[in-house]
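Just below is one structure, and these are the notes that go with it.
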Amino acid sequence: MKRVHRRAIRKMNCEVKEINDMGISKKHYQLQALDLWDFPTLVRKAREIQHITLEDLCEGICSFSMIGRIERGERFPDKELRDRILARLGVCSDGYENFLFYEDYLVWKRKQGIVNAIEKSNYETAENLLKYYDETDETDKLGKQFELVMRAQMMQKRHEPPDLIAQMCEKAVKLTVPEIDERAVGELCLSVHELDMILEYTKYCHSEKLASRCEEILTYIKSDMFDIYSYVKIYPKVVYYLYISTLEAVRDWTRTLKLCNDGIEQLRTAGRMYYLWELLEIKKEGMTKLYHKVGDSKGAITKQTLENIIHTTAEWLEALDFVHNLCGTHRRMESSCYLYQQKEAYCISDVIRRRREMLGLTKKKLCEGICSEKTIGRLEANKTKPHIEVVRLLFEKMNLSGEYQRLQVVTDDVRAFTVVDEIARCANKRDFVRIEELLVELEKYVRMGNPINKQFKERIEIHMKIGQRKFAKEGTIEQLKSVLEYTLSYNIALKSGEKYLTNAEIMCLLNIAVYAKEKSINSAFRVLIDLCEQLEKDDGIIEHISLWEIIMTNVANTYGSMGEYDKSNSISLRTMRECIYCYRMNALVLNLYSITWNHGECKKKNIPIFEGYQEKDYLYKCIALCQMNKNIAQEKTVKNRFKNL
């Protein structure tokens, strides 16, 4: 008799889920509030939240005794195993700053180098980096699995024989899910990566079963296990694979369109583009078929509604095509490498050394009451790996969060995260009255004595007052400096040299740079540009894309305001291209609009621009992109410019 996964049994009697208006469940926020510094407690609490047993969690990736020692804090696993445990628990790394000891940092850096090389079709670089796995121990099951998946991705992109790809996919999936041919997906505890491997294995080895396997995975991922960032990585692909594996004669277009719409909405909410182009194509095809089937008895209103949906979908597809043509990138998904992109990782030794030197602290001063001066020296030289509690105390002494930080606030109260999410949505709608109410509510759930929380709240209040025109942007500089100085002196931030700045500090500096009286690449901008160059040199742009895109988008805008249009356009195009490589949509419209604005200024000043440029066409594409990523405020700006043409 097949063993039924425990979570599958409980689902029959589960309580009604608590879902907010973004479709995010309470469970997502509970997972988000867990402290990743304390890995043993995280595993235990996440298992309780997800109702996963130790036996289910470790199956195929480590022994039962090993997972028990990990949860009791007797064994600290390497990064490969930590990542897989977290992924199986539904804890996504997107949005976290990952602090790693040197050996784990090297593992992360190597893997990201491989992923990005394949994504950009630099196969020689990928092959050279993959040679590392030729010398690894056979017991490194997860490392070997990663190597096989990456080789399969290269083979797919190079259109190598399907039977060879099939062999690679089978070897990969059966390393951690050896009984996949005998067991249903619902009986297992799986990560998004393993679900993807199962999809690829079924596609290449058992194509006749692909549709039924897609149905199994759809049921699995709808069990409220994954947060939105994990969910959107796999759901759109499953919907697409279900579409391509179903014969037209038996396709249920009503259900197909519902699945498509669900996937598109989740992608829009998360600001991601995984299989977005494919789902929009399916939606356009399905709605067109429905339109032609609707008889006159349904009425002109129904036909007009369908026609409007088809028209909007076509506009979104055209906007995506336009952006891809402009950037020279592919519109279709070509690999599963995106699943392995892991952003914002920092080497603990670099963070401590850079932050200490920024603050002018000696090793002796920093270590007082925490550890020996020798320990600091060995840590900064990557020669020791102290207990995580020592790192936590060193971080706190340098005004860094001693807790794992996400969504710019530090708290273990899940209610705070729902409030922060709603603040972001209200800011997009410019609903300042509601933001004011939410900031009052936030104080109930976070400690305002924490400097990071104070930075978040007061920076939002400044933005709100500017939006309400209660005071001019120019008058905010000193206030923003005061907010920054909860954790870092403004003068220290401006010093030259290597830096480690928190995301909150970076946003304060960016606001100071943007709100300056004169539009110029001022000292705050210089610091941020230098930081971007440092991050690119350390790890690459893609690894720090969330910071890079917002900084460089504002740098491009500023160069445009200064009349340096070619430089502005060059930065905007590069930013768009890097965002596409990471399947992020939010910054695309901001940079396309910047290019459009620059062209308009050139036209006014009789500066030559390329032949055939039509501002209306660019603005139409900007409006479509705004609608796609739900950027209401930017859509109003674009439409106002359109009216004034």
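The values are calculated or read from the model by the stated rules, or taken from the named source; none is laboratory data. Bear in mind that the values here come from a model prediction, so they are computed numbers and not experimental data. Cβ sites come from the backbone with ideal geometry, for glycine too, and all protein chains shown count toward neighbours. With ligands, DNA and RNA removed, areas are computed over all heavy atoms of the protein, side chains included. Shrake-Rupley method; radii C 1.70, N 1.55, O 1.52, S 1.80 Å.
A few remarks follow.
- Anchor K517: lysines whose Cα lies under 19 Å away (excluding residues fewer than 8 positions away in-chain): K465, K470, K473, K481
- The 1.4 Å probe gives accessible areas that order M576, M507, largest first, as M507, M576.
- When nucleic acids and ligands are ignored and a 1.4 Å probe is applied, C58 ends up with an accessible area of around 10 Å².
- Stretchable slack from K429 to R526, in nm (0.36 nm times residue separation minus alpha-carbon distance): 31.8 nm
- A helix-only calculation puts the chain at -20000 deg cm²/dmol for mean residue ellipticity at 222 nm, using -39500 (n - 2.57) for each DSSP H run of at least four residues, averaged over all residues.
- In the assembled protein chains, K630 presents an accessible area of approximately 70 Å² (probe radius 1.4 Å).
- Among (1) -0.50, -0.66, -1.09, -1.21; (2) -0.35, -0.48, -1.03, -1.27; (3) -0.39, -0.52, -0.97, -1.12, the entry that matches log10 I(q)/I(0) by the Debye sum over Cα atoms at q = 0.06, 0.07, 0.10, 0.11 Å⁻¹ as calculated here: (2)
- Within the shell of other residues whose beta carbon sits under 10 angstrom from the beta carbon of Q468, the net charge comes to +3, with Lys and Arg scored +1 and Asp and Glu -1.
- Summarising the amide proton neighbourhood of Y346: residues at separation of 5 or more, or on other chains, whose placed amide H is nearer than 5 Å comprise N98, F99, L100.
- Cα-based shape type of region 175-327, given that a ≥ b ≥ c are square roots of the gyration tensor eigenvalues and the cut on a/c is 1.5: prolate
- Taking each residue as 0.36 nm, the span from E182 to K604 lengthens on full extension beyond its C-alpha to C-alpha distance by 145.0 nm.
- Taking Cα centre as origin and charging only the Cβ of basic (Lys, Arg, +1) and acidic (Asp, Glu, -1) residues, the dipole magnitude of region 484-638 rounds to 540 debye.
- Radius 10 Å from Cβ of E380, net charge of other residues (Lys, Arg +1; Asp, Glu -1): +4
- Dipole-positive endmost among Y565, T476, F226 within the chain (Cβ charges, Cα centre): T476
- FRET efficiency for K374 and N399, using Cβ-Cβ distance with R0 set to 25 Å, rounded to 0.05: 0.55
- Computed from label points 7 Å out along Cα-Cβ, the spacing between A633 and I492 is 3.0 nm.
- L86 sits with roughly 20 Å² accessible to a 1.4 Å probe, with DNA, RNA and ligands left out of the calculation.
- Accessible surface comparison of Y338, Y346, Y620, probe 1.4 Å, protein chains only, largest first: the order is Y620, Y346, Y338.
- Kirkwood Rh and Cα Rg combined as Rg over Rh, evaluated for region 540-624: 0.99
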